[in-house]
1. Can you spot a residue in segment 40-56 that is more than 25 Å from CYS154 (Cα to Cα) and touching a Pro at 6+ places or on another chain (Cβ under 7 Å)?
2. Looking only at residues that are part of a loop (DSSP other than H, G, I, E, B) and under 19 Å from LYS55 (Cβ atoms) in segment 188-229, which one is nearest to the ligand (Cβ to nearest atom)?
3. Inside segment 1-14, can you point out the residues that are outside any strand (DSSP E or B), within 14 Å of the ligand (Cβ to nearest atom) and within 15 Å of VAL220 (Cα to Cα)?
4. How many of the residues making up segment 186-220 are closer than 18 Å to LEU7 by Cβ, open to solvent by less than 50 Å² (accessible area, probe 1.4 Å) and either among the polar types (S, T, N, Q) or under 18 Å from the mean Cα position of the chain (by Cα) (or both)?
5. If you check SER161 against the conditions, is it free of Cβ contacts under 8 Å to residues at least 40 places away in the same chain, assigned to a loop (DSSP other than H, G, I, E, B) and among the small types (Gly, Ala, Ser)?
6. For segment 93-102, indicate whether the set of residues that are within 15 Å of the ligand (Cβ to nearest atom), of a type in the set (S, T, N, Q) and in contact with a Ser or Thr (Cβ under 9 Å, 6 or more places away or on another chain) is non-empty.
7. Which members of segment 131-149 meet the condition of being closer than 28 Å to PRO108 by Cβ and either aliphatic (A, V, I, L, M) or assigned to a helix (DSSP H, G or I) (or both)?
8. Can you work out which of the residues in segment 134-148 that are open to solvent by less than 10 Å² (accessible area, probe 1.4 Å) and touching an Asp or Glu at 6+ places or on another chain (Cβ under 9 Å) is farthest from ALA77 (Cα to Cα)?
Amino acid sequence: MKLCVALDKPTLKENLELAQELKTFDIWLKVGFRSYIRDGKQIIQELKTINPNFKIFLDLKLYDIPNTMADASFEIAKLDIDMFNLHASSGKIAMSGVMDRLKEVKNPPIVLAVTALTSFDDKNFQYIYEKKIEQKALQFAKDAYESGINGVVCSAYESKSIKATTDSSFLTLTPGIRPFKEDAGDQKRVADIEFAQKELVDFIVVGRPIYKANDPKEIVEKILSRLSR
Ligand code: C5P
């Protein structure tokens, strides 16, 4: 299981300082909406300058018509990133269109599909999707798998059943991880490291418990030592 640290600090400078502090670790870094909208390609270039071995997950959660999604994915693949994501609810035509377009690229990035955001509880999820989270997340995962997508973003609670209905090599990445019982914030379906390991999760995403800590490096060290047990 790999650790992916969400670089959700308010400024480019602070995100780069955090990356600098964590540069000796074998970790992934997640660049989200806020940073990418503000800092664009610069943040990616600067992160790779800090440590060329940092793996970068560009968390833009694409959702649009198939043609626009394929075009956007083609542009994303030209950036120096290692993984990006889209919404599974954009549908199988959009997802397979993206994977077809990426065949034109040498060394394409990993593509993940978002199933259900970990900030949803069942009531708010059902209001939109009219199904229980578990049931719908599984359906989204199957759609993504059948469209040639490499894995899904889901909660730790769905990881094992998603792998059981798709394939053990179908990747799962789970946000909402609270390694040491930290505050959940807006996340509803949170889990700790041991639970994620039991659920065969491939990547855990941790944001606030790391970047809001007094000593982020110490927390990352503690997480990595749990992961290597
Ligand atoms: O601070 P926290 O650990 O809750 O951060 C989780 C990160 O993962 C945030 O950057 C959030 O945007 C992202 N994320 C999520 N749920 C998803 C996909 C991404 O929380 N389904």
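The values are calculated or read from the model by the stated rules, or taken from the named source; none is laboratory data. Predicted, not measured: the structure shown is a model, and the values here were computed from it. In this analysis, Cβ positions are derived from the backbone assuming ideal geometry, glycine residues included, and neighbour counts consider all displayed protein chains. Areas reflect the complete protein model, heavy atoms only, side chains present, ligands, DNA and RNA absent. Shrake-Rupley method; radii C 1.70, N 1.55, O 1.52, S 1.80 Å.
1. no
2. Only one residue fits best here, namely GLY207.
3. LEU7
4. Residues flagged as closer than 18 Å to LEU7 by Cβ, open to solvent by less than 50 Å² (accessible area, probe 1.4 Å) and either among the polar types (S, T, N, Q) or under 18 Å from the mean Cα position of the chain (by Cα) (or both) within segment 186-220 amount to 10.
5. Taking the combined requirement at face value, the residue does not satisfy it.
6. no
7. LYS136, ALA137, LEU138, GLN139, PHE140, ALA141, LYS142, ASP143, ALA144, TYR145, GLU146, ILE149 - these are the residues of segment 131-149 that are closer than 28 Å to PRO108 by Cβ and either aliphatic (A, V, I, L, M) or assigned to a helix (DSSP H, G or I) (or both).
8. Residue satisfying both the conditions and the ranking: ALA137.
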